[in-house]
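The values are calculated or read from the model by the stated rules, or taken from the named source; none is laboratory data. In this text the structure is predicted, and so the values were computed from the model without any measurement. Don't worry about glycine lacking a Cβ; one is built from the backbone with ideal geometry, like all the others, and counts go over all protein chains shown.
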């Protein structure tokens, strides 16, 4: 049914740039599609992995409400609308992708950084400062809140604030970048047919 639906409707593609490790590139060439997994995050970030896993697991739970997660997909791949935003490491391939917009979740990279920092994403900077002061008064910080089970109310507040990550998705898909510093994308998979050049 999904394939039939796609044939009935013309989907616009979005040009994205995604740096991927050699292993991902090889899997993509071999299998025609690749999916990210939690073990890749653990391997890449080592002792910092719990922070990234917390952010990624939240992203997975919320992002699949916007773009359904296909079978086989566990964690997202990251891509950028501007090639200059890509931090391409040694031993990686810069993939130039034309991705159907119905397979993309778009957001501001600086908002995603707030999630990865396990910080409250306030409506204003003042709100964030005030929240940080409240936690300090209790003798804790946002990492304490997010990486332990001792502060469920504060954890809920922070995670609810992260929903602001998706506030620009529709706007960005319409081509309007007002208020966005740098456009980042989450992809449930990368398909060989999306790779250009």
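Below are the figures for this structure:
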item: Failed item, numbered, when residue 143 is tested on (1) over 19 Å from the mean Cα position of the chain (by Cα); (2) not in a helix (DSSP H, G or I); result: (2)
item: Residue match in the range 144-157 (condition: under 18 Å from residue 110 (Cα atoms), surrounded by fewer than 17 Cβ atoms within 10 Å (Cβ to Cβ) and at pLDDT 95 or above); result: no
item: Subset of the range 30-46 that is at pLDDT below 95 and surrounded by fewer than 16 Cβ atoms within 10 Å (Cβ to Cβ) - its residue that is nearest to residue 77 (Cα to Cα); result: 37
item: Unmet requirement for residue 62, which otherwise passes all of (1) surrounded by fewer than 20 Cβ atoms within 10 Å (Cβ to Cβ); (2) more than 19 Å from residue 170 (Cα to Cα); (3) at pLDDT 95 or above; result: (2)
item: Hey, residue 99 more than 30 Å from residue 150 (Cα to Cα) and at pLDDT 95 or above or not; result: yes
item: Residue, nearest to residue 192 (Cα to Cα), within the range 14-64, restricted to residues that are outside any helix (DSSP H, G or I) and touching a helix residue (DSSP H, G or I) at 6+ places or on another chain (Cβ under 6 Å); result: 32
item: Out of 174, 185, sole residue that is under 27 Å from residue 20 (Cβ atoms) and out of contact with any helix residue (DSSP H, G or I) (no Cβ under 7 Å at 6 or more places or on another chain); result: 185
